[in-house]
Amino acid sequence: TVGCAALDKNGNLAAGTSTGGMTNKRWNRIGDSPIIGAGTYANNATCAVSSTGHGEYFIRSVVAYDISALMEYQSLSLKEASEKVVIKKLVERGGSGGIIAIDKDGNVSMPFNTKGMYRGFRLSNGEAKIAIYEEE
Amino acid sequence: QLKYGLVIHGGAGTILRENMSAEAEKAYRQKLDESLAAGYAILEQGGEATDAVIAAIQVMEQSELFNAAKGAVFTHEGRNEMDASIMRGDDLNAGAVAGVRHIKSPISAAKAVMEQSPHVLLSGAGAEEFATEQGLEMADTSYFFTERRWKSLQRAIEREKPELDHDDQKKAVEKSPKSSLIYSVPEDYKFG
């Protein structure tokens, strides 16, 4: 599963996700990727999010929207909200995977609860990173 | 000036350094960098966030390294069935496609649903019909086929279990179709 979240010069956020789904899936199983709010979400008031992982858990937990909602209703930062959802809530429910997100101020977060996640970011202030493993 | 930028992912799983060859790791990092560059170039020129998202994702869709479009995993029946979605934060508009088999860039179809239809999610044959009407590029199913994913399906069928993205780290020797370079890449086992 691949995804991207972006913030443009006008302050607009967007997020997208594209996937082949799950190997050996049957019965036209659909994961979280095409479900708005579960795998993908964007709101200029908060953040833009794209997810990857075990889709059924992301659907049940409405992961992407939950991160935005925690920022909007509990005033959590992007880092606080995304880590609470991916590292705490998702793990408690048995879900594995991660998300990438950027907020309206250009802060990025890339939490995951697996051993690794292919990920990276690039910002206009010169900050940039590409990482794969947990320890990076 | 407001800070701008983008963040990407190419899948998660049991990805361990000890199971990744230097060649495979280099290939992944290069493609991630290429994806970031494509999206950032649009933002730098004053383009919209949605267009940057599309550009960044299409680089990974066109790469066999990731589970999306070219290189997508197989269903139990040996098909590629792809999903994609996009959402914009200014008006909360969104679009998505599910279970498509012939759309070369599923993320572009999601954008078309968002911008050119009153709907949010189209699936299967209907989604492909809509994409065709919108003039999106279609592809034969052979375009999405990769030997690596096909072998992964055969192993999954033997175990009678489904798999997701980048999981487990058994080494698999794969032959790159482009360079004939032999390198090992991480297997993708994530059990549903």
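The values are calculated or read from the model by the stated rules, or taken from the named source; none is laboratory data. Please read these numbers as outputs of a predicted model, since none were measured by experiment. When we count neighbours, we look across all protein chains shown, and the Cβ atoms used for this are built from the backbone with ideal geometry, even at glycine.
Scanning region B:1-39 for residues that are farther than 22 Å from B:Asn67 by Cα and at pLDDT 95 or above yields B:Tyr4, B:Gly5.
With respect to A:Val85, determine if the residue is more than 25 Å from B:Ser152 (Cβ to Cβ) and in contact with a Pro (Cβ under 9 Å, 6 or more places away or on another chain).
So A:Val85 passes the test.
Considering B:Leu43, B:Leu36, B:Leu32, the condition of being facing chain A (nearest Cβ under 7 Å) and in contact with a Lys or Arg (Cβ under 6 Å, 6 or more places away or on another chain) is satisfied by B:Leu36 alone.
Of all residues in region B:1-24, those being outside any helix (DSSP H, G or I), in contact (Cβ under 8 Å) with a residue 24 or more places away in the chain and over 16 Å from the mean Cα position of the chain (by Cα) number 8.
Please find, among B:Ala27, B:Ala49, B:Ala12, B:Ala22, the residue that is aliphatic (A, V, I, L, M) and surrounded by fewer than 17 Cβ atoms within 10 Å (Cβ to Cβ).
B:Ala22
State yes or no: is B:Ala131 of a type outside the set (Phe, Trp, Tyr), more than 23 Å from B:Ala37 (Cβ to Cβ) and touching a Gly at 6+ places or on another chain (Cβ under 9 Å)? For B:Ala131, the condition - of a type outside the set (Phe, Trp, Tyr), more than 23 Å from B:Ala37 (Cβ to Cβ) and touching a Gly at 6+ places or on another chain (Cβ under 9 Å) - is not met. Screening B:Thr50 against (1) facing another protein chain (nearest Cβ under 7 Å); (2) in contact (Cβ under 8 Å) with a residue 60 or more places away in the chain; (3) within 18 Å of B:Arg149 (Cβ to Cβ) leaves a single unmet condition, (3). When A:Gly20, A:Gly31 are screened for being under 22 Å from B:Leu122 (Cβ atoms), more than 13 Å from the chain's Cα centre (by Cα) and modelled with pLDDT of 95 or more, only A:Gly20 passes. Summed over region A:1-44, the residues that are among the small types (Gly, Ala, Ser), surrounded by 24 or more Cβ atoms within 10 Å (Cβ to Cβ) and more than 7 Å from chain B (Cβ to nearest Cβ) give a count of 1.
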